[in-house]
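Take a look at the structure below.
The values are calculated or read from the model by the stated rules, or taken from the named source; none is laboratory data. Bear in mind that the values here come from a model prediction, so they are computed numbers and not experimental data. Positions of Cβ are backbone-derived with ideal geometry, glycine not excepted, and every protein chain shown enters the neighbour counts. The area values use the complete protein model at the heavy-atom level, side chains included, leaving out ligands, DNA and RNA. Shrake-Rupley method; radii C 1.70, N 1.55, O 1.52, S 1.80 Å.
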Amino acid sequence: RGLRRIIPTFKQLTLLAIFGIVAVVLTIATSVKVLSVPQPNEVTTAQTTILYYDDGVTELGRLGEANRVSVPIDEVPLLTQRAVLAAEDRQFYEHDGFSIRGIARALYTNLTGASGAGGGSTITQQYAKNAYLTQERSFTRKYKELILSIKLETIVNKDKILSDYLNTIYFGRGAYGIETAANQYFGKSVGDLDLAESAVIAAIVQAPNALSPEENLDGLTSRWNYVLDGMLTQGWISQEERDSVKFPKIDEYKPVNTFGGPKGYLIEQVRQVMYENGITDDQINLAGLRVVTTFNQVAQDAMIAAVEAEAPTENIEGLRIGVASVRPETGEVVAMYGGSDYLENQFNNATQMIGQAGSTFKPFALAAGLENGVTLATTFSGKNKTKVNDYVVVNYGDNSYGKKITLLKATESSVNSAYVQLADSVGLDVVFNAAQRAGIPADAVGMEPNLAFTLGTTSPHVVDIAAAYATFASRGLQANPAYIKSITAESGEIVYKFSPKPVQAFSTDIADTVNYALQKVVTAGTGKAAKELGRPVAGKTGTTNDNKSALFAGYTPELATAVMFVKDGPDGQPMTLAGTGGMEKVTGGSYPARIFTAYMKLALMDYPVTEFAPLPKGQPNGIKPTDVPSPKPSPTVTVVPTDSASPVVSEPATELVSPTPTSN
């Protein structure tokens, strides 16, 4: 009788069960009522910043912690939506955030160890866990997940929940969100997925790593069939569609290597410019910015191909090659070669490397002279070791060109003695100012107005030389180098838009005359290698007397490009280029000019041939000489001792362009 009192009756058990259920329901209801929906975790809303080439369509690279691109639900095909529902939650549009059947199935699977086709969480619960909670396995977290999913269903409509879910979940291959997944597995946008592809994407959701096509194609295929069978059961596809669908070809997985290869230098340069324009790391990593750069894919591919084809392969330890190509009038950098692999060396040879500019600085003195009464027919001494004030000027190779040489001939043959006299006659500050107006930064290393300045003792960056030459290509319009055309926020708001504001640095007549002279450098002077371009081109070589740098800078009306070679010694200090590529001396007319020509050929392949403006009327063509102008008073100069060679010398017209050793 005592034992009977202890054992509850059926009625008591029933009442107890009812009471327990009511208590649970009241607890859940109270929890749902008082719960405020928190902000989603940053990681689930983070969108990658995508960089595009200048067409705004072709992707250059991505920046950000999460490789995600969110899309609205109406851009996800209904068939694709249903494939995901068939895989993860077939009653999604019928339940209120949780599924009794799903919970029971999960309990059975956990207790028996049976393999089940699905877990107990609904899509709403999965989204709640990913967006608001941690991934810990505990009763507390599961309870929060249940409460939050019910709450979400009371304040957010089903389409919104599904949309957020599809943009949040991980699909493997580093892809977050269904848009990025479609791109990773099939190289297309989600809106272009067909039935078979949609089923693959949906199948992967259950276990992105365990069901990867590389590691478990059989398992993925089985899950793919499960998805399609579910779609058939739900009436979302016909039996005919089910019977005819074939497992699709999945793109080979190529892990995202954002900064690998030459492209890494472009991406890092764009990131630095974004910083300069007030864009923060948080915005870059999380905000889903869309950045259209100035880089042109055809030009960039052409530049890499030119360097790979024409660069030396012998004795290249420590060799650095920097190349930059700029669009005249706007300053847009369309291509840049900062090195072969950013991951191996983060020093950008196009924007950070310096080397003495050599005779590529002579056009600035030429422009200054033309502005101050000098013409291409004006004569100067071409004799080697001509003395200008206390400065003994040494010509390249100790060559002499006679007592009188026209400025045109001095430009063609890059005669130092004539150019130092020119700088002295018009004023050193005037030449210095012309270089600055063209676009050489005032803070470039070695920017000091002295007699050797016109011979290129300054060490600017390659991109600055290209931009300065673009000033002549655009008939005197100067524009600073630019790398970004626009930055757009995920909302569509334009955060930054490039608006070029070129300045008329030189008159069109002065620029046209410089262009005429520099074309002669190519057709009859030290830049003969560029004749192979097969269209009008102007340019100038530059080589230092100790051969620590070699350059070619040139342009057509469409593009201005500079190529620089320098070499680092074991101690990191500059060393001679002699011996590189088997050459006794690497000159600007050798490897640099050949890289320039190979690049410009490819980059301008689809451009019509454009002529430069003719030599202005009344401007002597330099064929017949005129008297030397009266020297103008020069400011105080830095004098180079008479027992030393000039710090920079230029090339003679007979400069060899063959990679075989030379003796000049």
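Scanning for something touching a residue at least 12 places away in the same chain (Cβ under 8 Å), among the basic types (K, R) and crowded, with 17+ Cβ neighbours inside 10 Å, does the range 498-510 turn up at least one residue?
no
Please find, among M336, M353, the residue that is open to solvent by less than 20 Å² (accessible area, probe 1.4 Å) and closer than 19 Å to L577 by Cβ.
So the residue among M336, M353 that is open to solvent by less than 20 Å² (accessible area, probe 1.4 Å) and closer than 19 Å to L577 by Cβ is M353.
Go through the residues of the range 281-294 one by one and say whether even a single one is hydroxyl-bearing (S, T, Y), crowded, with 22+ Cβ neighbours inside 10 Å, more than 16 Å from I595 (Cβ to Cβ) and at pLDDT 95 or above.
Scanning the range 281-294 turns up at least one residue that is hydroxyl-bearing (S, T, Y), crowded, with 22+ Cβ neighbours inside 10 Å, more than 16 Å from I595 (Cβ to Cβ) and at pLDDT 95 or above.
Filter the range 577-615 for residues that are in a loop (DSSP other than H, G, I, E, B) and either among the β-branched types (V, I, T) or open to solvent by 50 Å² or more (accessible area, probe 1.4 Å) (or both) and give the result.
Residues satisfying the conditions are E584, V586, T587, M605, D606, Y607, P608, V609, T610, E611, P614.
Does the range 401-412 contain any residue that is among the small types (G, A, S), open to solvent by 10 Å² or more (accessible area, probe 1.4 Å), within 22 Å of F552 (Cβ to Cβ) and part of a loop (DSSP other than H, G, I, E, B)?
No, because not a single residue in the range 401-412 is among the small types (G, A, S), open to solvent by 10 Å² or more (accessible area, probe 1.4 Å), within 22 Å of F552 (Cβ to Cβ) and part of a loop (DSSP other than H, G, I, E, B).
Out of curiosity, is F347 aromatic (F, W, Y), under 16 Å from the mean Cα position of the chain (by Cα) and open to solvent by 40 Å² or more (accessible area, probe 1.4 Å)?
Yes, satisfied.
Please go through the range 356-373 and give me each residue that is assigned to a loop (DSSP other than H, G, I, E, B) and open to solvent by less than 30 Å² (accessible area, probe 1.4 Å), ordered by number.
Matches in the range 356-373: A357 only.
I'd like the residue in the range 385-396 that is touching a strand residue (DSSP E or B) at 6+ places or on another chain (Cβ under 8 Å) and under 11 Å from N416 (Cβ atoms) and, out of all such residues, is surrounded by the fewest Cβ atoms within 10 Å (Cβ to Cβ).
Per the criteria, the residue is K385.
For the range 235-272, give me each residue that is of a type in the set (S, T, N, Q) and not in a helix (DSSP H, G or I).
Of everything in the range 235-272, those that are of a type in the set (S, T, N, Q) and not in a helix (DSSP H, G or I) turn out to be S238, N257, T258.
L376 passes all but one of (1) free of Cβ contacts under 8 Å to residues at least 12 places away in the same chain; (2) assigned to a loop (DSSP other than H, G, I, E, B); which number fails?
Every condition holds for L376 apart from (1).
Please list, ordered by first then second residue, the pairs with beta carbon atoms under 7 Å, 6 or more apart or interchain, first in the range 518-544 and under 21 Å from A468 (Cα atoms) and part of a helix (DSSP H, G or I), second basic (K, R) and open to solvent by less than 10 Å² (accessible area, probe 1.4 Å).
Listed pairs, sorted by first residue: L518/K540; V521/K540.
Out of all the residues in the range 548-576, which are in contact with a helix residue (DSSP H, G or I) (Cβ under 9 Å, 6 or more places away or on another chain) and part of a loop (DSSP other than H, G, I, E, B)?
If the condition is that a residue be in contact with a helix residue (DSSP H, G or I) (Cβ under 9 Å, 6 or more places away or on another chain) and part of a loop (DSSP other than H, G, I, E, B), then T556, P557, E558, L559 are the ones that fit.
Can you name every residue in the range 233-254 that is surrounded by 13 or more Cβ atoms within 10 Å (Cβ to Cβ) and either closer than 21 Å to Q91 by Cα or touching a residue at least 60 places away in the same chain (Cβ under 8 Å) (or both)?
If the condition is that a residue be surrounded by 13 or more Cβ atoms within 10 Å (Cβ to Cβ) and either closer than 21 Å to Q91 by Cα or touching a residue at least 60 places away in the same chain (Cβ under 8 Å) (or both), then Q234, W236, I237, R242, P248, I250, D251, Y253 are the ones that fit.
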